Amino acid sequence: MALLAGCGSSSAPPKNGESLRLALPLVPRTLDPAMAADLPSLNVAHELYAGLTRFSKDGVVPDLAEWWEITQGGLVWTFHLRPSLRWSDDRPITADDFRRAWLRALDPATGAPLAGPDLGIIRGARGYHATGKGEIGVKALDRQTLRVTLQHPVPWLDQLVAYPIAFPVPARGAAFSGPFRLALRRPTRLVLERNFNYWDMSAVKPSRLVLTTSTQDVDAVLPRGLSPPGLPWIDTAGPTPKGSIELPTLATGLLWFVTRGTPLADPNARLHAAWALTHLNLGSAPAPLIPPEMPGASFVNSHRPVQLQEAPHPVRLTLAWAQEDLGASRVAERLRQSASQLSGLQIHLAFRPVPSLRELLALAGPPPRTGVDLVLLGWSSKILDAYNLLDVFPCGSAFNVARWCDPSYDALMAKAVRTLDDRQRWRIERRIVEKLHEAVPAIPVYTATDHFSLRPGVHGLSWSPVGLYELMGMTRS
């Protein structure tokens, strides 16, 4: 591959503290942390800006916040900033910078694409996001103390504020709070240089990063994923090439069964189809609903096989997917190859591919257009808990492609999100997964991975399975 071809070039390899050249799948369209909406943009914002916390290979760690306390049963979170924090232009970073940035992100005039999903849990945020008016539950108690009051308790606000949407922005001008600052911006290239004002500057190994879309003569080809977590997800990374390093993710490829106005409205028809489809060779090992990398996955996942149900009558089903979704396209091709086997089980498939995720969402809904019975569309969790994936199935979810509804499921979800103790919450989530197992509004068809490549001797890339990586530790031995 091009990365390896670069190994034989005459350029001297970078040493610790020198420049590293890294290949992105695309150069971000925006460097505004409030406007980042794809993984490359989120990751570059993650290098230029810092938040209260930060995703790392070990989960979530303190960043600009030195510590925080949780009171009123998880309803109020108080973050205490490190002393003497400064922007790259030497101005102080204060708690009010966070409050101002969050109000800006929630302002409907800003049009921040992830503000609602990521900040909507704050008290008053949804109303402010809709109207630009009202108070929200964020208060700077002093220059170093930020108090956040939520609509209801959640266990993972420390994870939500680790996303760029929650990063502070300066009151005026361009300045940076993360490990790097922007030195040069071109349509196909970004140059980042070490930010000497970052609080943990001693951990920043490279003095300079050159980010480009070219894979020629680079020190690393960075992960290929584009779809952000916490939204409908498609596989853009594809299988791990030979010589690359495979990375676990929190993404699951789902095959949705549309349960209203289709033959799959009959629960027995769904169970029969689920049994038939889970016994096909779809090109990978049988997938669990909750990815193995998720904390608590081995406890939460159901380990019972789908029980065989007799087909109530022959069913004709139409499958839709986005052709830019590499994982869905592989599954669709396997299903096409298995057409005769499925026909023997009284399941007759027709295929309706569309070019893009945008067109698939218009077709699949909810509500789906007439004539769509099955939809291949994944989900990637934005938090290190099964709840975010399970949250696509409640009756009122905007992402419930199946249009399946069970009020008892929703009641368990409301209980889970308010349960702070991990093991107690996992017990509830296991009951939730069992309900999905019995009703089969969707079945998992693959667990997704990403991948990257390093030139020999280069190391130090840190990866979080939510899809965010850390470049500040990269160096060459």
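What follows draws every value from the coordinates through simple rules; no lab data is involved. It should be emphasised that the depicted structure is a prediction, and the values quoted were computed from it without experimental measurement. Here the Cβ is made from the backbone with ideal geometry for all residues, glycine too, and neighbour counts use every protein chain on show.
Taking 1 over the mean of 1/r across every pair of different Cα atoms in the range 48-106, what Kirkwood radius in Å do you get?
Values: mean 1/r = 0.0779 Å⁻¹.
12.8 Å is the Kirkwood radius here.
Where does the range 121-179 land on the Kirkwood hydrodynamic radius, alpha-carbon pairs, in angstrom? Display every interim value, and only then the final one.
Values: mean 1/r = 0.0751 Å⁻¹.
Every distinct Cα pair counted, the radius reaches 13.3 Å.
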Cα-Cα P(r), the chain, percent of pairs per 20 Å interval:
23, 53, 23, 1
In the chain, if the dipole is taken from +1 on Lys/Arg beta carbons and -1 on Asp/Glu beta carbons about the Cα centre, which of 94, 254, 288 is farthest to the positive end?
94
Dipole-positive endmost among 392, 322, 408 within the range 232-449 (Cβ charges, Cα centre)
408
Any idea how far apart residue 213 and residue 303 come out in nm if each label point goes 7 Å out from Cα toward Cβ?
4.7 nm
In whole Hz, what ³J(HN,Hα) sequence does the range 260-275 give by Karplus (6.51, -1.76, 1.60; θ = phi - 60°), x for Gly and Pro?
10, x, 9, x, 7, 5, 6, x, 5, 5, 5, 5, 5, 5, 5, 4
Quotient of C-alpha Rg and 2.2 N^0.38 Å, computed over the range 391-477
1.60
Cα-projected label distance for residue 70 with residue 398, points at 7 Å along beta-carbon direction, nm:
2.6 nm
Counting only C-alpha contacts under 8 Å and six or more residues apart, can you give the relative contact order of the chain as a whole percent?
22 percent
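Using Cα pairs closer than 8 Å and at least 6 residues apart in sequence, work out the relative contact order for the range 232-449, in percent.
Over the range 232-449, the number comes to 37 percent.
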Förster radius 30 Å - calculated FRET efficiency between residue 141 and residue 174, Cβ distance, rounded to 0.05:
0.60
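Quick one, can you get me the convex hull of the C-alpha atoms of the range 232-449 expressed as volume per residue in Å³? Working shown, then result.
Values: hull volume 25.1 nm³, N = 218.
Dividing the Cα hull volume of the range 232-449 by its residue count gives 115 Å³.
Can you sort 30, 145 so the residue with the fewest Cβ neighbours within 10 Å comes first? List each step's numbers first, then the result.
Numbers: 30 13, 145 16.
If I rank by nearby Cβ atoms, fewest first, I get 30, 145.
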With label points built 7 Å along Cα→Cβ from the Cα atoms of residue 313 and residue 281, find their separation and express it in nm.
3.5 nm
Number of Lys pairs in the chain with C-alpha atoms less than 22 angstrom apart, excluding same-chain neighbours closer than eight positions?
5
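Applying 1/(1 + (r/R0)^6) with R0 = 60 Å to the Cβ-Cβ distance of residue 186 and residue 422, what FRET efficiency is obtained, to the nearest 0.05? Can you show the working numbers first?
Numbers: r = 45 Å, r/R0 = 0.75.
Once the sixth-power term is evaluated, E becomes 0.85.
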